[in-house]
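The structure appears right after this line, and notes come after that.
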């Protein structure tokens with residue numbers, strides 16, 4: 001559990017430092033205490049609902065278009081990062097662990113990416129992580145799908 005909380009804190013900090021300062025979104029002021037949920041949905045509507053309700057720890061699935069590629073987060077576990085625009089207009093940060101799953105090497109702005117992972121709320125739209133298998137087998141496996149190939 002400590003590893004999960006540490007990962008969430010690292011992703012949130014990376015999001016704030018790497019994304020929040022340059023994209024014209026309001027600055028992140030506070031993050032709520034981490035919440036847990038067993039909700040799951042087969043659509044991006046679950047992301048919108050989790051954002052509206054400020055929920056975290058929600059397993060979600062959906063699809064979006066890459067609006068911005070960000071530099072990798074190389075502190076601790078390495079993560080490929082990019083912003084997805086959902087059909088609802090909401091944007092989310094995807095933090096894909098490239099120490100546990102392959103990098104999407106051909107990813108570019110405008111590409112469609114489907115995802116299955118854990119949503120964590122923040123004021124900017126949220127973060128989706130756990131888009132990979134769990135080597136310890138204790139967590140539901142997530143994935144990304146790009147150009148007909150799965151990354152998990």
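Given that compact globular proteins tend to follow 2.2 N^0.38 Å, what is the ratio of the alpha-carbon Rg of region 43-106 to that value?
Values: Rg = 12.6 Å, N = 64, 2.2 N^0.38 = 10.7 Å.
Taking N as the residue count of region 43-106, the ratio is 1.18.
With a cut-off of 13 Å on the backbone N, the residues of region 91-105 near the modelled label site 7 Å out from residue 152 along Cα-Cβ are 101-102. Rounded, prolate or oblate for region 93-147? Axes are the square roots of the Cα gyration tensor eigenvalues, ordered a ≥ b ≥ c, and the cut-off for rounded is a/c under 1.5. It is oblate, given that a/c is not under 1.5 and a/b is not larger than b/c.
Could you give the length gained on full extension between residue 114 and residue 75, defined as 0.36 nm per residue of separation minus the Cα-Cα distance, in nm? Working shown, then result.
Details: separation 39, 0.36 × 39 = 14.04 nm, distance 2.55 nm.
Full extension of this stretch gives 11.5 nm more.
As an exercise, find the ratio Rg/Rh for region 35-152 from alpha-carbon atoms, using the Kirkwood inverse-distance average for Rh.
Values: Rg = 12.9 Å, Rh = 14.0 Å.
Reported Rg/Rh, Kirkwood definition of Rh: 0.93.
Counting beta carbons within 10 Å around each of 132, 146, 79, 139 and listing the fewest first gives the order 139, 146, 132, 79.
Share of pairwise Cα-Cα distances greater than 16 Å in region 74-119 is 39 percent (whole percent).
Read the figures in this text as sums done on the coordinates, not as results from a lab. This is a predicted model, so every value here is computed, not measured. When we count neighbours, we look across all protein chains shown, and the Cβ atoms used for this are built from the backbone with ideal geometry, even at glycine.
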